[in-house]
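What follows is a set of notes on a single structure, which appears directly below.
The values are calculated or read from the model by the stated rules, or taken from the named source; none is laboratory data. Everything numeric in this text was worked out from a predicted model, so none of it was measured. Cβ placement follows ideal geometry from the backbone for every residue including glycine, while neighbour counts extend to all protein chains displayed.
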Ligand SMILES: Nc1ncnc2c1ncn2[C@@H]1O[C@H](COP(=O)(O)OP(=O)(O)OP(=O)(O)O)[C@@H](O)[C@H]1O
Ligand SMILES: [Mg+2]
C-alpha cells in the first residue's frame, strides 16, 4: 500500500493554533481631523516653489516627460489637484520619460500599478490613493511586487496618507487656471495658440527635504 503524500502545510501547528490572537477588527478609522501645526516629520529643508502655466493636455504630458529626467529611484512625487486636473496626464508623460512598460491610465479598479522599466532604469509605481482609506499600511498590504525604495513612486490623492514613505518629496499641485490671471509664471508649451481657458493649468512644484533642496527644478521652466 502506498502511503498518502504528506502536505507539509497541514503539519504546521501555527495554522490551527487556537492560542493565536484573533486579527484586529478592520473597523474604519474615525475621521479625526489632521493635526494642525508643524508636523513631527517636517523636512529640514524646503526648496522654493516653482510655478508653471501649462495650456494643454499635451503640454502637461511634455512636462511629465521632462520631469522624468530629474527623477531617480527612491523619489516620491505627490500630485494634488481636483478631479480632472491632469494628474494622470502628467503621470503618463512621466512614464514615457522614464521609459517604462505599459500606458499609464487612470486605475479604476486598482490602487497601484507597477510599470517596469524597458531599460535599466527604475520602475514607475503609480498610485491612485483616492480609495486608499488606511494610508501606507494598506498600501503595504497591496503586496506590490517591487521594492519602493528602488522605484519612482507617483501618488495621486496621497495627502495625509503616504508622507511616511520619505521626508524627501516633490509635491506638484495642479489647478485649473480659469478666471483670468493664470498667465503668471513660465508657459512651458508651444501650443498656446490653441488653448482654451478650460485647458489652462497652474502647476506649482515644491520640493521637500534635502533631496530636492539642490535639484534644479528651474530647468523645467526653460
Ligand atoms: N493643460 C492640461 N493639462 C492636463 N490635462 C488637461 C489639460 N487641458 C485639458 N486636459 C484634459 O483634462 C483631463 C485630465 O484628466 P486626468 O485623468 O489627467 O485628471 P486627474 O487629475 O488624474 O483626475 P482624477 O483626480 O480623476 O484622477 C484630460 O481629459 C485631459 O485631456
Ligand atoms: Mg487621475
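Give the residues of the stretch 153-180 that are touching a helix residue (DSSP H, G or I) at 6+ places or on another chain (Cβ under 8 Å), surrounded by fewer than 20 Cβ atoms within 10 Å (Cβ to Cβ) and part of a strand (DSSP E or B), sorted by residue number.
Passing the criteria: only 176.
If a residue must be more than 13 Å from ligand 2 (Cβ to nearest atom) and without any contact (Cβ under 8 Å) to a residue 24 or more places away in the chain, how many such residues does the stretch 100-115 contain? Write out each step before concluding.
Of the stretch 100-115, the ones more than 13 Å from ligand 2 (Cβ to nearest atom) are 100-103, 109, 114-115.
Pick out the ones that are also without any contact (Cβ under 8 Å) to a residue 24 or more places away in the chain and you get 101-103, 109, 115.
Selection size over the stretch 100-115: 5.
Of these, 98, 71, 50, which one is at pLDDT below 95, touching a strand residue (DSSP E or B) at 6+ places or on another chain (Cβ under 7 Å) and away from ligand 1 (no atom under 13 Å from the Cβ)?
Matching residue, one of 98, 71, 50: 50.
Any idea which residue in the stretch 80-95 is nearest to ligand 1 (Cβ to nearest atom), counting only those that are within 19 Å of residue 69 (Cβ to Cβ) and without any contact (Cβ under 8 Å) to a residue 40 or more places away in the chain?
My answer is 89.
Looking at the structure I just gave you, is residue 81 touching a strand residue (DSSP E or B) at 6+ places or on another chain (Cβ under 7 Å), at pLDDT 50 or above and farther than 19 Å from residue 208 by Cα?
Criteria not met by residue 81.
Is there a residue in the stretch 58-73 that is within 16 Å of ligand 2 (Cβ to nearest atom), free of Cβ contacts under 8 Å to residues at least 24 places away in the same chain and over 12 Å from the mean Cα position of the chain (by Cα)?
no
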